[in-house]
Amino acid sequence: MHRRIGMILGFATALAMPVLAVAATKAEQQVDVAKAGQSALAALYKVQPSARKAVEAAAGYAAFSNFGMKILVAGGGSGKGIAVNNKTKARTYMRMAEVQAGLGFGVKKFQLVWVFETEQALNSFISSGWEFGGQATAAAKAADKGASYQGAISVSPGVWLYQLTDTGLALELTVKGTKYYKDGDLN
């Protein structure tokens, strides 16, 4: 009898563990996402100190922490981040999802910092999200922007992207089927 009760309690505990693990409050989750965003900024400033001026002078930025995996012909990734309007200090919590196809194998943790020169570009990113397809490769420094965006990739007019890996700044960006969108649970 005690054994049966022990098994039932063990089974109930096992079922409850995932619920307990994800039962963090909305405020706690927001703090975690904000910390991950600050971590991405700190990592960027460490490897590219001039990026601090670019981020601070911009209309706003978005910082994401992402995880991706690729096994043989399929892969994907996910991440969370925060978009900040530098003028109003408004924060928007966001998510990222990625789907890949093609031959490969690996696991990668990386951080992205988006820099928006205009409030219109920032608002478009927040309200419409951002979607990529194919592959984008660009020089690590844009001649017309000088040192302020050194290490960033221009992804559209007025929008710059820094990608950080464990080894520092990535000089090439490959994105395949990536979508950025508002986090409905945290906003």
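The values are calculated or read from the model by the stated rules, or taken from the named source; none is laboratory data. This one's a predicted model, so the numbers in the text were calculated from it and none came from an experiment. Cβ atoms come from the backbone with ideal geometry, glycine included; neighbour counts cover every protein chain shown.
Can you pull out every residue in the range 33-53 that is in a helix (DSSP H, G or I) and either touching an Asp or Glu at 6+ places or on another chain (Cβ under 9 Å) or not hydrophobic (A, V, I, L, M, F, W, C) (or both)? Within the range 33-53, 33, 35, 37, 38, 39, 45, 46, 52, 53 qualify. Of the residues in the range 78-90, not one is farther than 23 Å from residue 27 by Cβ, modelled with pLDDT under 90 and not charged (D, E, K, R). So, in the range 65-96, exactly how many residues are within 29 Å of residue 52 (Cβ to Cβ), in a strand (DSSP E or B) and not charged (D, E, K, R)? The total comes to 16. Of all residues assigned to the range 53-61, at least one qualifies as being among the aliphatic types (A, V, I, L, M), loosely packed, with under 12 Cβ neighbours inside 10 Å and at pLDDT 90 or above.
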